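See structure below.
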Amino acid sequence: MKQTLSFTLNHKPYTIEADPCDRFLDVLRNDLSLRGTKEGCGVGECGACTIVINSNAVTSCLVLAGQADGADIMTVEGLSETEIGSVLQRCFIENGAVQCGFCTPGMLMSAYALLQHNPNPTREEIKEAIAGNLCRCTGYVPIVNSIEAAVKSLQS
Amino acid sequence: MKYKAYYRPQSVPETVELLASLEGPVVLFAGGTDILIYAREDDRYADSSIVNIFGLPELQGITLLDDEIRIGAGVTHTEIEQSPIIQKYAKVLADACRTIGSLQIRDHATIAGNICNASPAADSLAALAILDAKIEYLHEGKPCELPLVDLIAKPYKTVLTDRDLVTCIRIRRLPEGTQTVFYKLGRRKALAISRMTIALLAHRAADGTVDDFNITVGATFPKPYTFPEINGILLGKKPDPARIAEIAQAISAKIPEIAGIRKSTTFKQPVCRNMTARLLNELFTEA
Ligand SMILES: Cc1cc2nc3c(=O)[nH]c(=O)nc-3n(C[C@@H](O)[C@@H](O)[C@H](O)COP(=O)(O)OP(=O)(O)OC[C@H]3O[C@@H](n4cnc5c(N)ncnc54)[C@H](O)[C@@H]3O)c2cc1C
Ligand code: FES
Ligand code: FES
């Protein structure tokens, strides 16, 4: 039961035919072949599927495709074209925040949403913003350090 | 997700008209953070018409009224947590919503969804109950209203039909100087046995007597409750250790009385008694 859905994705307009009751995660990965967004748990608990919709970080495994209609969406694929996103990506690599890399797209999107709302977050605010993103590899410290480094880099 | 048909009305009147015209079961779909979890378990929505109400303009916004605050049904937990109106006049609800899930969940999940899902463990319910929350909804297009404590019938069940659209929630606007506390024990993933919340509000007159008081326990009973007779222990009196102990004893005694004696009772009853006493002592000895 496909319908026409229109939205802005990574600053580009899209009009697609998709099932409005599919998960938006599946539309990204299957209909649009954008596989940067990962599926971990599928129930909102790991954050691997985090994307940014209308400036809010949300888990795309719990977003209905129909809810994307008319929305402004960012995924990890669009990050390098933004200043905040490209600085975050560089700082993640420089600070050892990427090991297996499975959590990284979701982490980057949560960090991106945070820095859009709050360009100067405290360490506590950074931890709160990524509390819904699980990482089995790094122990989180390098990730928090990377986001702090990005904040400094963006301010200078 | 298997479903019969999908609709996205653009306004409340359009939704009412649509709901009247649909045959078979209907699912009002807001954030979907509960519905999409259920949809994974089985094909329970295969015969249902999905009506996406997320983002309907009339269901947005938090407004200050004379004695109350109006919260649109579609307001997210993040919006409540960050609202200057809620922080100033009903802080206990901002504190409760802040403890829900992760930021990604709070950014997308709505207050009406948390209420209508009617999980006994839903974290907004205890705070809403002590704020005398009233739920406004449209039944066949007609405006109706029920107190929260009457809206929820039993675990995961409200008295609403599948076509009753909640439009807003009204809560008390607390007078300046009212103190509130929200306490949460345990995480969502933790066993239900170890989950409990306590929500309370208190105001003292210039001479120190308590002239406004409401306390309840959440994630413990099958539905939200308030206890006027327990509030009465403090109302019109000055708080002292004996009265605080009496309240702690009375409210923890409600656990076996309402929820029955279960394995969790032996854990929850003493925790409830001790935490209530501690929170009240802290509250009344501060400043
Ligand atoms: C990972 C995760 C963690 C969570 N953690 C917590 C937690 O710590 N504490 C907590 O309390 N909850 C928690 N939740 C549940 C919480 O997200 C939901 O209860 C949420 O508030 C429901 O809102 P929604 O908009 O997503 O509702 P939906 O899933 O869209 O709907 C839920 C129910 O409400 C009905 N409904 C919604 N809006 C209306 C309306 N306007 N009128 C009539 N009926 C309506 C729907 O028909 C459905 O029956 C968690 C969920 C997840 C996935
Ligand atoms: S896959 Fe969406 S939160 Fe885990
Ligand atoms: S780097 Fe492996 S899960 Fe985070």
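The values are calculated or read from the model by the stated rules, or taken from the named source; none is laboratory data. Because the structure is a prediction, the values reported are computed rather than measured. Glycine also receives a Cβ, built like all others from the backbone with ideal geometry; neighbour counts cover every protein chain displayed. Ligands, DNA and RNA are excluded from the accessible area calculation, which covers all protein heavy atoms including side chains. Shrake-Rupley method; radii C 1.70, N 1.55, O 1.52, S 1.80 Å.
Determine, yes or no, whether B:Ser49 is loosely packed, with under 14 Cβ neighbours inside 10 Å and either within 16 Å of ligand 3 (Cβ to nearest atom) or among the small types (Gly, Ala, Ser) (or both). In short, no. Within segment A:127-156, being without any contact (Cβ under 8 Å) to a residue 24 or more places away in the chain and among the aliphatic types (A, V, I, L, M) holds for A:Ala131, A:Val141, A:Val144. All conditions in (1) open to solvent by 20 Å² or more (accessible area, probe 1.4 Å); (2) in contact with a strand residue (DSSP E or B) (Cβ under 6 Å, 6 or more places away or on another chain) hold for B:Asp43, with the sole exception of (2).
If the condition is being within 13 Å of chain B (Cβ to nearest Cβ) and within 13 Å of ligand 3 (Cβ to nearest atom), then segment A:118-156 contributes A:Ile130, A:Asn133, A:Leu134.
In segment B:216-230, the residues that are assigned by TED's automatic domain parsing to the domain that holds B:Pro155 never reach a residue that is crowded, with 24+ Cβ neighbours inside 10 Å and not in a loop (DSSP other than H, G, I, E, B) with C-beta atoms less than 9 angstrom apart, at least six apart or across chains. Of the residues that sit in segment A:53-74 and are under 14 Å from A:Leu108 (Cα atoms) and crowded, with 24+ Cβ neighbours inside 10 Å, which one is farthest from ligand 1 (Cβ to nearest atom)? The residue in question is A:Met74.
Residue selection: B:Thr76 fails the criterion of being more than 14 Å from chain A (Cβ to nearest Cβ), under 22 Å from the mean Cα position of the chain (by Cα) and either free of Cβ contacts under 8 Å to residues at least 60 places away in the same chain or under 29 Å from B:Leu174 (Cβ atoms) (or both). If you go through segment B:20-43 and keep only what is in contact with a Leu (Cβ under 7 Å, 6 or more places away or on another chain) and within 16 Å of ligand 2 (Cβ to nearest atom), you end up with B:Gly32, B:Thr33, B:Leu36.
For segment A:14-67, taking the residues that are β-branched (Val, Ile, Thr) and farther than 17 Å from B:Gln104 by Cβ, the one that is farthest from ligand 2 (Cβ to nearest atom) is identified as A:Thr15. Exactly one residue out of A:Phe92, A:Phe102 is within 12 Å of ligand 3 (Cβ to nearest atom) and surrounded by 19 or more Cβ atoms within 10 Å (Cβ to Cβ): that is A:Phe92.
If you go through segment A:1-49 and pick out every residue that is exposed (fewer than 13 other Cβ atoms within 10 Å of the Cβ) and touching a residue at least 12 places away in the same chain (Cβ under 8 Å), you end up with 6. Scanning segment A:110-117 for residues that are outside any helix (DSSP H, G or I), within 14 Å of another protein chain (Cβ to nearest Cβ) and closer than 16 Å to A:Asn56 by Cα turns up nothing.
Identify the residue in segment A:122-139 that is assigned to a loop (DSSP other than H, G, I, E, B) and in contact with a helix residue (DSSP H, G or I) (Cβ under 8 Å, 6 or more places away or on another chain) and, among all such residues, is farthest from A:Pro105 (Cα to Cα).
Taking segment A:122-139 as the starting set, the residues that turn out to be assigned to a loop (DSSP other than H, G, I, E, B) are A:122, A:130-139.
Remaining after also requiring in contact with a helix residue (DSSP H, G or I) (Cβ under 8 Å, 6 or more places away or on another chain): A:130-133, A:135.
Numbers: A:Ile130: 12, A:Ala131: 15, A:Gly132: 13, A:Asn133: 10, A:Cys135: 11 Å.
Looking at the filtered set, the residue picked out is A:Ala131.
Considering segment B:219-229, and only residues there that are in contact with a Ser or Thr (Cβ under 9 Å, 6 or more places away or on another chain) and at pLDDT 95 or above, the residue that is surrounded by the most Cβ atoms within 10 Å (Cβ to Cβ) turns out to be B:Pro224. Screening segment A:16-79 for strands (runs of 3 or more DSSP E) wholly inside it with 3 or more residues that are facing chain B (nearest Cβ under 8 Å) returns the ranges A:56-59.
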